[in-house]
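**Q** Provided herewith is a single structure, encoded as structure tokens, for subsequent inquiry.
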Amino acid sequence: MARFYLATLGCRLNEAENASWARELVQMGHQLVDTPDTAQVLVLNTCAVTQEASRKSRHLARRLHRSNPTAKLVLTGCFAALEPKQVAELEVDMVVGNLDKSSLVERLVSELGLETMPELASTPDAVHLFAQRRTTRAFVKVQDGCRNRCTYCIVTVARGAERSRTVEDVLNEIKTLEDSGHQEVVLTGVHLGGYGHDLGTNLSTLVQRVLRETSFPRLRLSSIEPWTLPDDFADLWSDSRLCPHLHLPLQSGCNSVLKRMARRCTVETFRETAAQLRERIPDLMLTTDLIVGFPGETDAEFDTSLEFLEEMRFSHTHIFAFSPREGTRAATMSEQLERSVKRERSQRAHEVATRVKEAILNESLGRRRSVLWEGHPHELTADPERVAWFGYSDHYLRVETHAPRGLDLWNVITDTTFSQQVDGEHLLGTELNWNQRGTPRTVLAPLISEA
């Protein structure tokens with residue numbers, strides 16, 4: 001038996017991969033540890049989507065080695081794939097490329113000469129220890145790679161061509177998680193909407209099978225490009241377990257900038273897609289990504305983008321100032337903008353996004369949604385008898401509630417009434433009714449005394 005410490009940087013896909021490796025390792029009889037200093041093998045799943053992500057990956061690799069110089073250090077992920085010279089300068093024992101991630105555990109065992117004790121895998125719930133310790137959600141990777149060629153993105157180079165897991169393979173993984181205690185499964189991939197393109201199937205078919213053949217209270221989809229949605233996509237929400245939230249990356253609200261980005265949509269097609277989805281999916285919330293300061297972006301183009309951002313009314317917008325990534329076409333484009341210009345545009349975009357979000361939160365007051373509570377309770381200095389819990393509604397609004405000390409809400413789903421918005425960032429939930437795996441019962445109503 002060997003002791004493993006798994007670390008990750010970057011996207012949800014990396015998190016899903018780490019969770020899958022954790023399950024494999026435990027099934028083989030190995031042990032997962034919480035700190036690197038007690039491990040025999042350190043596995044770091046790196047990121048390189050930006051130069052800053054590469055720097056953080058390099059820094060974390062060095063820190064892991066310093067914390068435990070005798071352990072084997074294994075690097076995988078996009079930084080390991082894209083920066084071989086920098087990796088060679090680190091004290092790394094093994095590098096596993098992105099195309100070989102599916103066999104990472106097998107390679108660790110065979111190439112590092114690790115002994116296993118398979119009988120340990122029969123320990124009740126052993127396979128779920130990693131997932132339970134980390135999160136209330138299970139991220140399941142359903143595909144890898146991307147056929148899009150956005151000019152700012154290095155991921156297509158790092159991850160390679162699209163590769164989908166079979167429906168049966170995905171279902172088998174999800175079914176192994178059913179007794180883990182997770183309340184939510186998130187399907188994720190580099191290009192989720194392209195799922196099944198290489199297998200003669202599509203994302204709708206996969207989601208239909210997951211909903212029909214598993215019993216998780218919640219199923220959520222991660223980021224999905226707006227131009228790859230199957231025709232029957234909105235019909236999937238006839239099953240209420242599918243969370244009414246979609247993350248549709250916009251990147252810019254100006255057609256000329258979208259063209260330079262090589263995005264496969266226009267503001268008109270994005271607007272039409274969003275309108276159709278909102279019409280057919282009750283209470284749907286949309287979130288997005290926005291890049292400001294892309295090479296050549298004029299003041300007029302940026303103003304157009306801001307107008308579209310406000311029009312679309314996203315419940316949350318991830319805003320990124322453009323950062324040139326070596327190896328992408330955008331990094332070599334002329335008219336790179338000054339950092340001060342990008343900083344000013346980022347601030348203005350945040351102001352618009354915050355104003356829109358606050359309006360959406362206010363419109364949510366008095367409504368009732370299911371909330372999955374997670375993390376750890378926070379102390380309330382104004383009320384020592386209560387603690388604050390945080391969670392997310394099914395349509396992905398962040399919610400806070402104040403509960404009596406000793407009432408454990410972790411990994412519990414409750415139907416929650418929204419009473420007020422807090423600082424334009426999240427909602428306060430008052431009356432909570434237990435809704436754990438379809439068995440409603442009152443927890444305490446109300447948990448917060450309203451002024």
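The values are calculated or read from the model by the stated rules, or taken from the named source; none is laboratory data. Because the structure is predicted, anything quoted here is derived from the model rather than measured. Neighbour counts run over all protein chains shown; Cβ positions are idealised from the backbone, glycine included.
**Q** Would you call residue 278 under 23 Å from residue 395 (Cα atoms) and in a helix (DSSP H, G or I)?
**A** Details: under 23 Å from residue 395 (Cα atoms): yes; in a helix (DSSP H, G or I): yes.
Yes.
**Q** Of everything in the stretch 199-228, what is out of contact with any Leu (no Cβ under 6 Å at 6 or more places or on another chain), of a type outside the set (Val, Ile, Thr) and over 17 Å from residue 186 (Cα atoms)? Give them in sequence order.
**A** Answer for the stretch 199-228, where residues must be out of contact with any Leu (no Cβ under 6 Å at 6 or more places or on another chain), of a type outside the set (Val, Ile, Thr) and over 17 Å from residue 186 (Cα atoms): 199, 200, 227.
**Q** Could you look through the stretch 210-265, keep only residues that are within 21 Å of residue 315 (Cα to Cα) and polar (S, T, N, Q), and pick out the one that is surrounded by the most Cβ atoms within 10 Å (Cβ to Cβ)?
**A** So, considering only residues that are within 21 Å of residue 315 (Cα to Cα) and polar (S, T, N, Q), the one surrounded by the most Cβ atoms within 10 Å (Cβ to Cβ) is 252.
**Q** Follow-up question, since we're still on this one. Which residue, of 313, 264, 278, is under 24 Å from the mean Cα position of the chain (by Cα) and at positive phi? Give the derivation first.
**A** Working: 264 fails: at positive phi; 278 fails: at positive phi.
Testing whether each residue is under 24 Å from the mean Cα position of the chain (by Cα) and at positive phi leaves just 313.
**Q** Given the conditions (1) touching a residue at least 12 places away in the same chain (Cβ under 8 Å); (2) under 25 Å from the mean Cα position of the chain (by Cα); (3) outside any loop (DSSP other than H, G, I, E, B), which single one is not true for residue 347?
**A** (1)
**Q** Restricted to the stretch 61-113, and to residues that are under 20 Å from residue 38 (Cβ atoms) and acidic (Asp, Glu), which residue is surrounded by the fewest Cβ atoms within 10 Å (Cβ to Cβ)?
**A** Residue satisfying both the conditions and the ranking: 91.
**Q** Would you mind stating whether residue 219 is in contact with a Lys or Arg (Cβ under 6 Å, 6 or more places away or on another chain), aliphatic (A, V, I, L, M) and modelled with pLDDT of 95 or more? Break it down into steps so the answer makes sense when it comes.
**A** Details: in contact with a Lys or Arg (Cβ under 6 Å, 6 or more places away or on another chain): yes; aliphatic (A, V, I, L, M): yes; modelled with pLDDT of 95 or more: yes.
Criteria met by residue 219.
**Q** Still on this structure, I have one more. Please work out which residue is nearest to residue 286 (Cα to Cα), limiting yourself to the stretch 313-328 and to residues that are of a type outside the set (Asp, Glu) and out of contact with any strand residue (DSSP E or B) (no Cβ under 7 Å at 6 or more places or on another chain).
**A** Initial filter on the stretch 313-328 (of a type outside the set (Asp, Glu)): 313-325, 327-328.
Among the residues that remain, those that are also out of contact with any strand residue (DSSP E or B) (no Cβ under 7 Å at 6 or more places or on another chain) are: 313, 323-325, 327-328.
Numbers: 313: 8, 323: 25, 324: 27, 325: 28, 327: 31, 328: 28 Å.
My answer is 313.
**Q** Where residues in the stretch 329-356 are in contact with a Ser or Thr (Cβ under 6 Å, 6 or more places away or on another chain) and farther than 19 Å from residue 287 by Cβ, which of them is surrounded by the most Cβ atoms within 10 Å (Cβ to Cβ)? Please lay out each step first, then the result.
**A** Filtering the stretch 329-356 down to residues in contact with a Ser or Thr (Cβ under 6 Å, 6 or more places away or on another chain) leaves 329-330, 353.
Now narrow it down to the ones that are farther than 19 Å from residue 287 by Cβ: 329-330.
On the way: 329: 15, 330: 22.
Here the residue is 330.
**Q** For the stretch 50-61, check the following and say yes or no: at least one residue is outside any helix (DSSP H, G or I), over 19 Å from the mean Cα position of the chain (by Cα) and of a type in the set (Ser, Thr, Tyr).
**A** No, every residue in the stretch 50-61 fails to be outside any helix (DSSP H, G or I), over 19 Å from the mean Cα position of the chain (by Cα) and of a type in the set (Ser, Thr, Tyr).
**Q** Anything in the stretch 6-44 that is in a strand (DSSP E or B) and more than 21 Å from residue 97 (Cβ to Cβ)? List them, or say none. Outline the logic, then answer.
**A** If we filter the stretch 6-44 for residues that are in a strand (DSSP E or B), which is where we start, we get 6-8, 31-32, 41-44.
Listed by number, the residues that qualify are 31, 32.
**Q** Would you tally the residues in the stretch 76-90 being under 20 Å from residue 111 (Cβ atoms) and either assigned to a helix (DSSP H, G or I) or more than 21 Å from the chain's Cα centre (by Cα) (or both)? So that I can check it myself, show each step before the final result.
**A** So the first thing to find is which residues in the stretch 76-90 are under 20 Å from residue 111 (Cβ atoms), and the list is 76-77, 80-81, 84, 87-88, 90.
Those left that are additionally either assigned to a helix (DSSP H, G or I) or more than 21 Å from the chain's Cα centre (by Cα) (or both): 80-81, 84, 87-88, 90.
Total meeting the criteria: 6.
**Q** Output the residues belonging to the stretch 301-344 that are of a type in the set (Lys, Arg) and not in a loop (DSSP other than H, G, I, E, B).
**A** Step one: filter the stretch 301-344 for residues of a type in the set (Lys, Arg), giving 313, 325, 329, 339, 342-343.
Listed by number, the residues that qualify are 339, 342, 343.
**Q** Which residues, counting only those in the stretch 152-189, are in contact (Cβ under 8 Å) with a residue 60 or more places away in the chain, part of a loop (DSSP other than H, G, I, E, B) and surrounded by fewer than 18 Cβ atoms within 10 Å (Cβ to Cβ)?
**A** Listed by number, the residues that qualify are 160, 181.
**Q** Could you check the stretch 360-451 for strands (runs of 3 or more DSSP E) lying wholly inside it with 1 or more residues that are at pLDDT 90 or above and surrounded by fewer than 18 Cβ atoms within 10 Å (Cβ to Cβ)? Step through it out loud before you land on a result.
**A** Values: elements: 368-379, 386-393, 398-404, 413-422, 426-436, 439-444.
In the stretch 360-451, 368-379, 386-393, 398-404, 413-422 are the strands (runs of 3 or more DSSP E) which contain 1 or more residues that are at pLDDT 90 or above and surrounded by fewer than 18 Cβ atoms within 10 Å (Cβ to Cβ).
**Q** Give 225, 162 a once-over and let me know the one that is out of contact with any Asp or Glu (no Cβ under 8 Å at 6 or more places or on another chain) and of a type in the set (Asp, Glu).
**A** Values: 162 fails: out of contact with any Asp or Glu (no Cβ under 8 Å at 6 or more places or on another chain).
One residue alone meets the criteria, 225.
**Q** Output yes when any residue across the stretch 237-252 is touching a Gly at 6+ places or on another chain (Cβ under 9 Å) and on the phi < 0 side of the Ramachandran plot, and no when none is. Let's see the steps before the verdict.
**A** Applying the first criterion (touching a Gly at 6+ places or on another chain (Cβ under 9 Å)) to the stretch 237-252 yields none.
So far as the stretch 237-252 goes, no, none of its residues is touching a Gly at 6+ places or on another chain (Cβ under 9 Å) and on the phi < 0 side of the Ramachandran plot.
**Q** Right, something else. Considering each residue of the stretch 190-216, count those that are assigned to a loop (DSSP other than H, G, I, E, B) and more than 19 Å from the chain's Cα centre (by Cα), and give that number.
**A** 9
**Q** Just give me the residues in the stretch 244-303 being among the basic types (Lys, Arg) and free of Cβ contacts under 8 Å to residues at least 12 places away in the same chain, in sequence order. Walk me through it before giving the result.
**A** Of all residues in the stretch 244-303, those among the basic types (Lys, Arg) come to 259-260, 263-264, 271, 278, 280.
Within the stretch 244-303, 259, 278 meet the criteria.
**Q** Okay, next question. May I ask you to verify whether residue 192 is modelled with pLDDT of 95 or more and either buried (at least 21 other Cβ atoms within 10 Å of the Cβ) or closer than 30 Å to residue 295 by Cα (or both)? Before the answer, list the steps.
**A** Numbers: modelled with pLDDT of 95 or more: no; either buried (at least 21 other Cβ atoms within 10 Å of the Cβ) or closer than 30 Å to residue 295 by Cα (or both): yes.
It is false that residue 192 is modelled with pLDDT of 95 or more and either buried (at least 21 other Cβ atoms within 10 Å of the Cβ) or closer than 30 Å to residue 295 by Cα (or both).
**Q** Name the single residue that is modelled with the lowest pLDDT among those in the stretch 288-314 being in contact with a Phe, Trp or Tyr (Cβ under 9 Å, 6 or more places away or on another chain) and surrounded by fewer than 21 Cβ atoms within 10 Å (Cβ to Cβ).
**A** 289
**Q** Considering (1) within 24 Å of residue 142 (Cβ to Cβ); (2) modelled with pLDDT under 95; (3) of a type in the set (Lys, Arg), say which one residue 280 fails and leave the rest.
**A** (2)
**Q** For residues in the stretch 46-60 being touching a Cys at 6+ places or on another chain (Cβ under 9 Å) and buried (at least 19 other Cβ atoms within 10 Å of the Cβ), which is farthest from residue 7 (Cα to Cα)? Explain how you work it out, then say what you get.
**A** Just the residues of the stretch 46-60 that are touching a Cys at 6+ places or on another chain (Cβ under 9 Å), to begin with: 46-49, 53-54, 56-57.
Of the ones still in play, those that are also buried (at least 19 other Cβ atoms within 10 Å of the Cβ) are 46-49, 53-54, 57.
Values: 46: 8, 47: 11, 48: 15, 49: 17, 53: 14, 54: 15, 57: 10 Å.
Per the criteria, the residue is 49.
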